[in-house]
Every structure is written in C-alpha cells, then in structure tokens.
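The values are calculated or read from the model by the stated rules, or taken from the named source; none is laboratory data. Bear in mind the structure is a predicted one, so any value in this text is a computation, not a measurement. Cβ placement follows ideal geometry from the backbone for every residue including glycine, while neighbour counts extend to all protein chains displayed.
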Amino acid sequence: MECFMSKKLSAECLESILQTLAEGLFIIDTEGVIQYCNSALLEMTGKSRDEILGQKCCSLMSERCSPPPTCNLFKAGRLINAECEIAQRSGSTVPVLKNAKVLFDKDGTAVGAVETLTDISSLRISENRVQELENNLKSRERMGNIVGKSHAIKEIFNLIELASASNATILITGETGTGKELAAAAIHQNSPRKDGPFVKLNCSALPEALLESELFGHAKGSFTGAIRDKTGKFELADKGTLFLDEIGELSPLIQVKLLRFLQEREFERVGDNIVRKSDVRIIAATHRDLRKMIHEGTFREDLFYRLKVFPIHIPSLRERKEDIGILIEHFINKFNSETGKQITGLTHDAAITMMDYCWPGNIRELENAIEHAFVTCQDTRIDLFDLPLEIRKVELRKGICSTGTDNLIPPQQYPLPVKKTQLSDEEFKQILIECNGNQSEAARRLGIDRTTVWRKMKKMGIL
C-alpha cells in the first residue's frame, strides 16, 4: 500500500501491478523485439522469460505475421480486440483477443508498443457448445428429406427411427401430399438395408395385368407382347426395400398374391411355375381408409393385418402449422438453388395468407405454391399476388376450410357422387379443376378407376 501513498508510483509498485494482471502483457521496441513480459504471458505460452525476451513479437503468434514497422499496429497506431492465436511450447494454440497501442516519446516519435492478450479459450468452448446445440436442433428438424420442428413431426421422426431398426413390414397412412414416400425413403436410408436398392411402385398407376407383371415379373411368351423374360420388383428389390404406394388400389387378385408373398416370402413370375424367393422389406402406403374398405369388402382383412405390423400415420399440414415457416424456407432455398434467384422470404401479407390457408393438398401443394411464386415474383420477397389464386382467394378458402377451425373435412367424409359413365368433357374438366389435377382424387369423386381418368385425360389432350 506504500506505493499508493505518494503522488508517483515507484518502479517496484508498477512492476507488481503488471505482474498481477490476468492478461498477458508485453512491450516491444520499434523493431518488434520483446523487451518486457509479465507472468500471465509466461503461463499462457508455457515458455520461460528467457525464451520470450529478445525475440520478435511474431514468434508468439501461431500464424505468419509482418514484424514492425510494416505491421498493422504501427500503421494504425492501435489494435482493438483483434482475434488471433498464440503458439504454446507444447505445439498447441490458444485463442486470444489482442489489444495494442503504439508508444510515443514527448516529441511524437514512436518508440515501441504495449500489447495485451486475453485468453478466450473458455469463450470458444462455449461458442462451440452453442453451435453444437444449434446443429443438433437443426438436425432434429430434418430426417432424410422430411422437414419440420413441430411436436407432431418429431413423433414421426421417432417412429421412423424405430421402424428403421427393425425389419417389420410398415404401413404408412396419411392424406395425399403429406410425404408418405419421403417417410418410406427415410426408413430405408436409416436401416441396415440402406446399401440395398430402394424400389418404388405406384399401385394405382397400372391396370391389374401390368401391375402383376411389374410386381412379380413374367416369363417369355406368357402373354401377347412378352417377348422376353422380365424381372419383377420383388426380385429387383432383393436385399433392399420395396415401397408400394397407393396399396388400397390393389385388385383382389394382386391382394391374394401379395398376401402369399408376405406369408411365405416366395412368388412365381406370370406364366412361370418356378417358385422364387426374395429378401425384401415391404413398406406400403395409402391415403385410403383400409378399415372402411375391409367393411365394404374391397380390401382383404388378412392382408391389412400383414401390412400394418408397424403403422405410421403422417399428419396433415394443417395439423402441424408450426412447420409451415420452416417448410417455406426449405422450398425457397431449394428453388433459389435451382433457378439462380435470390428470394429471401415472404411479405407480411403473403405470410399471413399462407398461415391462414388450410392446405388440402398438404406439403405437395405448399411446394407447388412456392414454385408458382418463383415464376411470378419479380422482387426479393414473395408478395400476396405472387401466390396461386386458390390460396389468396378468400371465398375459395372459406369453401375449403371448415368454419371457425383449421381442420379440413377428411376426403373420405365428402359425399361420394353417383358413378358417371357418360361424362361430358366439360364436366370432366370441372372435376379435374376442383381436384387440382389430382387423378386419384378425381377418380374417387367420379367413382371410377384412376386409369380411366388417365385415359380420358390423354384422349382429351390434357396430358
């Protein structure tokens, strides 16, 4: 305390103060030679005083630097919170914040500089932990190509992880456009079969005869046009996964053959009597109410229970509206990459409208809406009038969304119209417009087969 009793600090008192600093401190001359250092710097570098004094200041740094008088310090006169790393005797490095100021004599001539180094290792560790937590949170917002952060979608992530760890047959249900195929792909990609093939087949896209051939294959000459043997999907998916979409569209004959495969793990090609086996995992998906179909006699109950060993129901987008924002961001990034545009987001009115809409077409409709907006948007943000008409038109939204709630009437609750065999072109086009071009939905509304819808669209030149 004696050194504070006088008006001037003694050299011994000043030395004592410098040595008690937690920051590493050193003084250099105009050539960058270290003339003084305190104990904190010795501890920080792991070097002795003799190893530091008389050395160039650059010897402390882990990266190459320019020595005085050409260094940035002597050009600028001072450095404030410059991040750098110093080298330790052990060979490791320590991240530090460097503050420095050039020293001048009474004539204004530079005579050296004083520098302090603050160890920020603990700060870097904290930053890394925060970054790791952020990365973990982001990773929980994605599984395969499925994106979301809602409680509903996280439950799906958990189910996908459980399904991936087993070899059980999976039945994925959910409305059209919810991402059932993405869930199937995620299960395959996270399963022990990930190095095997992932084969997909839409069961509603083909008539019975072609579907049977696609699934089981056929022998040469088994029917007109069978000019060579054909390998079916069951064989192609050996050691992998076969995804059967729209499983509710299977005919009774194909249902029986699929049931036999699920029970015996064996099959025969069309027109062949050789029994074949295939090690393939089946993942089926449908937007239909299979229990209702069982009650109506159009779907086999025994096949249903063979398929739903491990059921997964994908929620509709209106049940997970908190995911709309992250999905919009995901699709904007996707289309920015594809188109070269630099769209940054939505205007307030567009965002409110997107949240207010109840998305009967689910995520597929949302993706199509963003793609539509990329065509019309001439700015950096998507505005209300860049969105498709059906999303921004209030009257239409009222017709789609039930009053006072976000819940959409499930498709199976719509009154089914009487089957129309003699349908005018104008009536057919109107139905397609109402179904947003969805062939399966149009077929359901008309009470006819999807292939009939496809043939009529082709005949009318719509396809």
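Screening the candidates Ile314, Ile326 for the property of being at pLDDT below 95, of a type outside the set (Lys, Arg), touching a strand residue (DSSP E or B) at 6+ places or on another chain (Cβ under 8 Å) and under 27 Å from Leu162 (Cβ atoms) yields one hit, Ile326.
Specify which of the listed residues (Ser90, Ser126) is under 22 Å from Leu25 (Cα atoms), of a type outside the set (D, E, K, R) and surrounded by fewer than 13 Cβ atoms within 10 Å (Cβ to Cβ). Quick ask: steps written out before the conclusion?
Values: Ser126 fails: under 22 Å from Leu25 (Cα atoms).
Every option except Ser90 fails the conditions.
When the helices (runs of 4 or more DSSP H) confined to region 348-395 are screened for residues that are closer than 22 Å to Thr178 by Cα and modelled with pLDDT of 90 or more, those reaching at least 2 such residues are found at 348-356, 362-376.
Do we have any residue at all in region 156-170 that's at positive phi and not charged (D, E, K, R)? No, region 156-170 has no match at all. Scanning region 420-455 for residues that are touching a helix residue (DSSP H, G or I) at 6+ places or on another chain (Cβ under 6 Å) and closer than 15 Å to Gly361 by Cα, we see that the one that is modelled with the highest pLDDT is Leu432. Restricting the first member to region 275-300 and to residues that are in a helix (DSSP H, G or I), and the second to residues that are among the acidic types (Asp, Glu), the beta-carbon pairs closer than 8 Å and six or more apart or on different chains are Ile294/Glu301.
Within region 100-114, if we keep just the residues that are surrounded by 16 or more Cβ atoms within 10 Å (Cβ to Cβ) and free of Cβ contacts under 8 Å to residues at least 40 places away in the same chain, the residue that is nearest to Asp50 (Cα to Cα) turns out to be Ala100. Looking only at residues in region 215-253 that are crowded, with 20+ Cβ neighbours inside 10 Å and over 25 Å from Lys194 (Cα atoms), the one that is farthest from the chain's Cα centre (by Cα) is His218.
Among the listed residues Phe310, Phe335, Phe331, identify the single one that is aromatic (Phe, Trp, Tyr) and more than 23 Å from the chain's Cα centre (by Cα).
Details: Phe335 fails: more than 23 Å from the chain's Cα centre (by Cα); Phe331 fails: more than 23 Å from the chain's Cα centre (by Cα).
Every option except Phe310 fails the conditions.
Here Thr286 meets each of (1) modelled with pLDDT of 95 or more; (2) assigned by TED's automatic domain parsing to the domain that holds Phe374 with one exception, condition (2).
If we keep just the residues of region 176-205 that are in a loop (DSSP other than H, G, I, E, B) and surrounded by fewer than 18 Cβ atoms within 10 Å (Cβ to Cβ), which is modelled with the lowest pLDDT? Spell out the reasoning first.
The initial filter retains those residues of region 176-205 that are in a loop (DSSP other than H, G, I, E, B), namely 176-179, 190-197, 203-205.
Adding the requirement that they be surrounded by fewer than 18 Cβ atoms within 10 Å (Cβ to Cβ) leaves 190, 192, 194-197, 205.
Working: Asn190: 94, Pro192: 95, Lys194: 95, Asp195: 95, Gly196: 96, Pro197: 96, Ala205: 86.
In this case the residue turns out to be Ala205.
Taking Ala165, is it modelled with pLDDT of 95 or more, farther than 27 Å from Arg276 by Cβ and out of contact with any Lys or Arg (no Cβ under 7 Å at 6 or more places or on another chain)? Give the steps one after another, and end with the answer.
Numbers: modelled with pLDDT of 95 or more: no; farther than 27 Å from Arg276 by Cβ: yes; out of contact with any Lys or Arg (no Cβ under 7 Å at 6 or more places or on another chain): yes.
In short, no.
Evaluate region 73-83: report whether one residue or more is modelled with pLDDT of 90 or more and of a type in the set (Phe, Trp, Tyr).
Looking for residues that are modelled with pLDDT of 90 or more and of a type in the set (Phe, Trp, Tyr), one finds none in region 73-83, hence no.
Residue-by-condition table, conditions (1) under 20 Å from Glu15 (Cα atoms); (2) in contact (Cβ under 8 Å) with a residue 24 or more places away in the chain; (3) not basic (Lys, Arg):
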| residue | (1), (2), (3) |
| --- | --- |
| Tyr36 | yes, no, yes |
| Met44 | yes, yes, yes |
| Lys47 | yes, yes, no |
| Lys75 | no, no, no |
| Asn81 | no, no, yes |
| Arg89 | no, yes, no |
| Lys98 | no, no, no |
| Asn128 | no, no, yes |
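Between residues in region 10-27 that are assigned by TED's automatic domain parsing to the domain that holds Val96 and farther than 16 Å from Cys57 by Cβ and residues that are assigned to a helix (DSSP H, G or I) and among the aliphatic types (A, V, I, L, M), which pairs lie under 7 Å by C-beta distance while being six or more apart or on different chains? Hits for this filter: Leu21/Ala40; Ala22/Ala40.
Please enumerate the residues belonging to region 330-353 that are β-branched (Val, Ile, Thr) and surrounded by 14 or more Cβ atoms within 10 Å (Cβ to Cβ). Before the answer, list the steps.
To start, the set of residues in region 330-353 that are β-branched (Val, Ile, Thr) comprises 332, 339, 343-344, 347, 352-353.
Passing the criteria: Ile332, Ile343, Thr347, Thr353.
Filter region 351-368 down to residues that are touching a strand residue (DSSP E or B) at 6+ places or on another chain (Cβ under 9 Å) and of a type outside the set (Val, Ile, Thr) and give me whichever is farthest from Ser316 (Cα to Cα). Per the stated criteria, the residue is Ala351.
What do you reckon, is Glu127 in contact with a strand residue (DSSP E or B) (Cβ under 8 Å, 6 or more places away or on another chain) and charged (D, E, K, R)? So that I can check it myself, show each step before the final result.
Details: in contact with a strand residue (DSSP E or B) (Cβ under 8 Å, 6 or more places away or on another chain): no; charged (D, E, K, R): yes.
Taking the combined requirement at face value, the residue does not satisfy it.
May I ask you to verify whether Ala76 is touching a strand residue (DSSP E or B) at 6+ places or on another chain (Cβ under 8 Å) and of a type outside the set (Ser, Thr, Tyr)?
On the way: touching a strand residue (DSSP E or B) at 6+ places or on another chain (Cβ under 8 Å): no; of a type outside the set (Ser, Thr, Tyr): yes.
No.
Given the criterion of a type in the set (Ser, Thr, Tyr) and without any contact (Cβ under 8 Å) to a residue 40 or more places away in the chain, identify the matching residue among Ser150, Ser164, Ser191, Ser213. Before the answer, list the steps.
On the way: Ser150 fails: without any contact (Cβ under 8 Å) to a residue 40 or more places away in the chain; Ser191 fails: without any contact (Cβ under 8 Å) to a residue 40 or more places away in the chain; Ser213 fails: without any contact (Cβ under 8 Å) to a residue 40 or more places away in the chain.
That would be Ser164, the only listed residue that is of a type in the set (Ser, Thr, Tyr) and without any contact (Cβ under 8 Å) to a residue 40 or more places away in the chain.
Restricting attention to region 19-35, the residues that are surrounded by 15 or more Cβ atoms within 10 Å (Cβ to Cβ) and among the hydroxyl-bearing types (Ser, Thr, Tyr) add up to 1. Taking Pro207 as the residue in question, decide whether it is closer than 26 Å to Ile312 by Cα and more than 35 Å from the chain's Cα centre (by Cα). Criteria not met by Pro207.
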